[in-house]
Amino acid sequence: MTATTALTAQNTQGVYGIHETPPEFVRKQIDACIDDIGVDVVKTATSGARLLPEEAIKILCDRLLPVTTILTPNIPEARLILEKSGHDLHDIKDLEDIKQLARSVQKLGPKYVLIKGGHLPLTKGHHIPTGDEARELVINVLYGDGEFTVIESAYQESRNTHGTGCSLACTFILTLLSFVYANLVSRSRHCVKSSARLDNATSRPKRMSLCRGRYQDKR
């Protein structure tokens, strides 16, 4: 379930061109998707390329964020959202600053915010490296319902990071959908089984066939 707002000419090295999708076609894409499972709005690529037009960022903040289940910005995107929403920005120095960033973005409307920390690896002490200190941790911060979840992983030196944020967000949404649909199927089956038991327990005439969308006379 995707609404593609722009097409990009890119490879593993970076973004070389951007073509904006006509608004009326974006609207058709959105109408075709199910309602509000999650939003991963790609605004700033790992390479630093700005993928969303300036005027569209304000629309995103004003209209989409209040109806968003989960927003998955990287740190530059999260700061851009706050800047365009009229908030003062503060330098990110440590894990507590990343948590505050997540909390501030969540106040704009999303139920949950996942700050992807790949742009700003930290030390084992959870602060930005200075001098000869090593970059040792990549930290993602999930905030919602007044609670923080901090996910740490070892920092890996690599040039192959283009698209990693999008992959993380897509995997997250697919996992969420699997969980949601699994529960929906389980509950639906329970409802159908309960209806069948109720039907068997009543003296309903056998000529009535239920659950076919309309009454059918089988005489």
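The values are calculated or read from the model by the stated rules, or taken from the named source; none is laboratory data. As the structure is a prediction and not an experimental result, all values here were calculated from the model. As a convention, Cβ positions derive from the backbone with ideal geometry for all residues, glycine included, and neighbour counts pool all protein chains shown.
Quick notes on this one:
- Residue in region 89-99 that is crowded, with 16+ Cβ neighbours inside 10 Å, modelled with pLDDT of 95 or more and not charged (D, E, K, R) present: yes
- Every residue from region 24-52 that is farther than 23 Å from T69 by Cβ and at pLDDT 65 or above: E24, F25
- I75 being among the β-branched types (V, I, T), at pLDDT 80 or above and buried (at least 19 other Cβ atoms within 10 Å of the Cβ): yes
- Candidate set: region 104-152, residues that are modelled with pLDDT of 90 or more and hydroxyl-bearing (S, T, Y); chosen: the one nearest to E83 (Cα to Cα): S104
- Counted residues, region 99-123 - those being of a type in the set (A, V, I, L, M) and over 19 Å from L65 (Cα atoms): 2
- Of residues in region 103-151 being polar (S, T, N, Q) and loosely packed, with under 15 Cβ neighbours inside 10 Å, the one farthest from T164 (Cα to Cα): T130
- From the list I115, I139, the one residue that fits, being farther than 27 Å from I59 by Cβ and free of Cβ contacts under 8 Å to residues at least 60 places away in the same chain, is I139.
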